[in-house]
Amino acid sequence: MTEKKPAKRRPFAPVKPRREKTEGRHQTERQAAAHRRQQEKNRADRAEGRIVKGPASAERMAKRNPGEVRITELIVSELARAFAVILKLDGPSDQLMKAFFKSNPMLGARDRTIIAEAIYYGLRHLGGIAWRMKPVKPERAPRLAALLTLALQYGIGALGESSLAGDKKPLENMLAADMGKAPAHVRAEMPEWLYALVREQYGPDADKLFEASLQGAPLDLRVNTLKASREEVLAELSEHRVEASPMRFSPDGIRLAGKPGLIRWPMYQEGRIDVQDEGSQLIARLLSARRGEMICDFCAGAGGKTLAVGAIMRSSGRLYAFDVNEKRLDSMKPRMRRAGLSNVHPIAIRDESDNRVKRLRGKFDRVLVDAPCTGTGTLRRNPDLKWRLSPEELERINAVQKSVLEQAAKLLKDGGRIVYATCSVLRRENQEVVEAFLAEHPEFELLSATDVLARQGVELPEFQKERFGEYFVMLPHMHDTDGFFGAVLQKARVKAQPPRAE
């Protein structure tokens with residue numbers, strides 16, 4: 001008899017909504033009229049900036065100036081509940097946030113927005129928050145961490161007296177702390193080891209990169225040219241009063257001024273647009289895919305670049321999407337259907353040496369290696385990554401990158417092209433990996449990424465080639481994109497040997 005395993009504990013227990021008891025199923029006409037009058041009064045109170053839910057305390061009923069954020073006790077307590085799990089840094093914050101909000105179905109849209117923004121702010125500035133709170137650790141005092149985060153965002157005046165309770169004095173002391181006395185890596189909001197690595201690589205530019213990584217990322221769209229043109233999508237967005245503009249570099253890209261809930265938009269549901277950072281769109285173009293070719297996306301993930309390459313191929317040829325994560329590949333399938341792509345073949349593999357990979361060696365015209373990486377180029381979107389990384393994890397990832405590039409290169413035909421790409425800003429994961437590969441494989445030549453893109457009508461800044469040589473590099477503080485790296489490697493054609501004389 002096998003021992004029964006204990007039930008897996010969820011990070012957030014769901015909060016069940018309470019059901020109000022009613023005396024009867026149907027309202028009388030008088031009750032219905034009273035209900036309508038109360039609704040009208042509530043709308044009028046909201047228009048005047050009053051809160052109508054909860055006890056009618058002076059704090060809740062006070063008028064607010066337009067645009068002024070008012071932090072309720074509910075927001076503080078729920079943010080503290082989220083921090084109690086998320087600040088342990090035991091997993092990706094986006095997944096933990098999703099679980100948290102799923103467990104809180106009764107939270108209103110306004111409260112959800114404030115809490116989500118506070119979580120991201122807290123993760124971006126966790127170094128400074130921890131320094132202000134010492135010797136107390138934020139994960140051990142989540143309510144105090146929540147109050148400090150909200151006060152840093154909105155000012156202590158946004159917090160009501162009931163929220164502050166007995167924490168007002170310690171909170172004021174933390175806010176008064178002189179950050180000028182904090183170590184340099186704390187002021188940069190970076191772990192000490194990562195701060196030193198970036199500072200050594202970027203020199204004076206490191207401060208700009210640190211600052212840019214603390215900002216929120218814009219919402220970028222890629223137009224699916226199988227179904228629409230950029231001009232058509234921009235016109236439709238303008239018609240619906242959505243502020244949008246064509247991207248600076250990507251010919252298929254659009255940048256939105258805000259962050260609307262676009263998954264309900266017909267143009268998204270019909271596959272005319274997809275969400276993709278501008279730098280990621282350009283990585284797909286580095287491959288220079290052509291119609292009818294046999295192409296491999298070696299680390300496809302959820303398929304953002306796969307879909308972009310498929311559209312460039314006009315849904316022709318064969319596009320294999322390999323990944324070790326079957327669930328992520330499954331999430332690609334509905335996106336493929338929306339995009340109208342019929343040439344994509346998702347295949348889950350065990351690792352880069354899987355037999356299904358070996359059987360296809362020497363068959364591909366082009367291979368995209370979107371290698372596993374530290375994700376240091378995406379800190380605007382994933383601020384928890386910097387706190388979860390370690391030097392040991394970087395070494396492990398680095399070994400995987402070298403192995404993946406080595407195995408992926410074997411898939412190429414003679415004369416084929418491979419693009420090695422990451423969303424990292426670290427030279428160790430980028431240039432050093434490519435340089436080591438080229439030293440072992442003289443049959444490969446490094447092409448100019450700037451020239452490859454120029455032939456497709458993509459004009460990068462004039463300093464690009466002088467600063468980064470033959471490599472493709474995008475950085476938050478220079479290009480206002482996520483951090484990306486790309487190298488275009490061409491495999492030499494083997495010359496046919498003349499027939500030997502008898």
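Go through (1) more than 28 Å from T378 (Cα to Cα); (2) crowded, with 21+ Cβ neighbours inside 10 Å; (3) within 26 Å of the chain's Cα centre (by Cα); (4) of a type outside the set (A, V, I, L, M, F, W, C) one by one and return the number of the condition S93 breaks.
Just one mismatch for S93, condition (1).
Here are the criteria: (1) in a helix (DSSP H, G or I); (2) in contact (Cβ under 8 Å) with a residue 24 or more places away in the chain; (3) over 28 Å from the mean Cα position of the chain (by Cα). Tell me which single one S403 does not satisfy.
S403 satisfies all of (1) in a helix (DSSP H, G or I); (2) in contact (Cβ under 8 Å) with a residue 24 or more places away in the chain; (3) over 28 Å from the mean Cα position of the chain (by Cα) except (3).
So that you can scan it fast, the table gives a plain yes or no per residue for (1) free of Cβ contacts under 8 Å to residues at least 60 places away in the same chain; (2) in the same structural domain as D384 (by TED's automatic domain parsing); (3) within 24 Å of E211 (Cα to Cα):
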residue	(1), (2), (3)
A80	no, no, no
M97	yes, no, no
L107	yes, no, no
A116	yes, no, yes
Y121	yes, no, yes
G128	no, no, yes
A141	yes, no, no
T149	no, no, yes
G157	yes, no, no
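Read through the list (1) more than 13 Å from V369 (Cα to Cα); (2) in contact with a Gly (Cβ under 9 Å, 6 or more places away or on another chain); (3) buried (at least 21 other Cβ atoms within 10 Å of the Cβ); (4) of a type in the set (D, E, K, R), then give the number of the only condition that D297 fails.
Among (1) more than 13 Å from V369 (Cα to Cα); (2) in contact with a Gly (Cβ under 9 Å, 6 or more places away or on another chain); (3) buried (at least 21 other Cβ atoms within 10 Å of the Cβ); (4) of a type in the set (D, E, K, R), D297 violates only (1).
Is it the case that segment 284-291 has a residue that's farther than 15 Å from G310 by Cα and of a type in the set (A, V, I, L, M)?
No, because not a single residue in segment 284-291 is farther than 15 Å from G310 by Cα and of a type in the set (A, V, I, L, M).
If we only count helices (runs of 4 or more DSSP H) wholly inside segment 138-234, which ones have 2 or more residues that are under 30 Å from T374 (Cα atoms)? If you could, list the steps in order and put the result at the bottom.
Numbers: elements: 142-154, 161-164, 168-175, 184-187, 192-202, 206-213.
The helices (runs of 4 or more DSSP H) meeting that bar are 142-154, 184-187, 192-202, 206-213.
Kindly indicate the residue of segment 70-118 that is of a type in the set (G, A, S) and touching a Leu at 6+ places or on another chain (Cβ under 7 Å) and also modelled with the lowest pLDDT among those meeting that condition.
Only one residue tops the list, namely S93.
Do we find a residue being at negative phi, of a type in the set (D, E) and touching a strand residue (DSSP E or B) at 6+ places or on another chain (Cβ under 8 Å) anywhere in segment 382-391?
no
Just to be sure, is M133 within 25 Å of R427 (Cα to Cα), buried (at least 17 other Cβ atoms within 10 Å of the Cβ) and either in contact (Cβ under 8 Å) with a residue 12 or more places away in the chain or in contact with a Ser or Thr (Cβ under 8 Å, 6 or more places away or on another chain) (or both)? Working first, answer last.
On the way: within 25 Å of R427 (Cα to Cα): no; buried (at least 17 other Cβ atoms within 10 Å of the Cβ): yes; either in contact (Cβ under 8 Å) with a residue 12 or more places away in the chain or in contact with a Ser or Thr (Cβ under 8 Å, 6 or more places away or on another chain) (or both): yes.
No.
Which one of these does P105 not meet: (1) assigned to a helix (DSSP H, G or I); (2) surrounded by fewer than 21 Cβ atoms within 10 Å (Cβ to Cβ); (3) not hydrophobic (A, V, I, L, M, F, W, C)?
(1)
Taking the condition surrounded by fewer than 18 Cβ atoms within 10 Å (Cβ to Cβ), assigned to a loop (DSSP other than H, G, I, E, B) and either in the same structural domain as A284 (by TED's automatic domain parsing) or modelled with pLDDT of 95 or more (or both), does G415 pass?
Taking the combined requirement at face value, the residue does not satisfy it.
Six or more apart or on different chains, Cβ atoms under 7 Å: show the pairs whose first residue is in segment 292-312 and assigned by TED's automatic domain parsing to the domain that holds D354 and hydroxyl-bearing (S, T, Y) and whose second is surrounded by 24 or more Cβ atoms within 10 Å (Cβ to Cβ) and in a loop (DSSP other than H, G, I, E, B).
Final answer for the pair search is T306/A300.
Considering only segment 274-294, state which residues are touching an Asp or Glu at 6+ places or on another chain (Cβ under 8 Å), within 14 Å of N224 (Cα to Cα) and either modelled with pLDDT under 95 or surrounded by fewer than 24 Cβ atoms within 10 Å (Cβ to Cβ) (or both).
V275, Q276
Checking R350 against (1) surrounded by fewer than 16 Cβ atoms within 10 Å (Cβ to Cβ); (2) among the charged types (D, E, K, R); (3) part of a helix (DSSP H, G or I): exactly one of these is not met. Which one?
Every listed condition holds for R350 apart from (3).
Condition check ((1) closer than 16 Å to G377 by Cβ; (2) surrounded by 19 or more Cβ atoms within 10 Å (Cβ to Cβ); (3) at pLDDT below 95; (4) under 21 Å from the mean Cα position of the chain (by Cα)) across all residues:
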site: M174; (1), (2), (3), (4): no, yes, no, no
site: M179; (1), (2), (3), (4): no, no, no, no
site: M190; (1), (2), (3), (4): yes, yes, no, yes
site: Q201; (1), (2), (3), (4): yes, no, no, no
site: L219; (1), (2), (3), (4): no, no, no, yes
site: R230; (1), (2), (3), (4): no, yes, no, no
site: L237; (1), (2), (3), (4): no, yes, no, no
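Taking segment 270-310, which residues are out of contact with any helix residue (DSSP H, G or I) (no Cβ under 7 Å at 6 or more places or on another chain) and among the β-branched types (V, I, T)?
Residue satisfying the conditions is V275 alone.
Go through R428, R338, R380 for me and flag whichever is among the basic types (K, R) and in a loop (DSSP other than H, G, I, E, B).
From the options R428, R338, R380, the qualifying one is R380.
Part of a helix (DSSP H, G or I) and surrounded by fewer than 18 Cβ atoms within 10 Å (Cβ to Cβ), is that true of K259?
For K259, the condition - part of a helix (DSSP H, G or I) and surrounded by fewer than 18 Cβ atoms within 10 Å (Cβ to Cβ) - is not met.
Restricting attention to segment 461-473, which residues are modelled with pLDDT of 95 or more and either assigned to a loop (DSSP other than H, G, I, E, B) or touching a Lys or Arg at 6+ places or on another chain (Cβ under 8 Å) (or both)?
Result: G469, E470, Y471, V473.
The values are calculated or read from the model by the stated rules, or taken from the named source; none is laboratory data. None of these values were measured; they are calculated from a predicted model. When we count neighbours, we look across all protein chains shown, and the Cβ atoms used for this are built from the backbone with ideal geometry, even at glycine.
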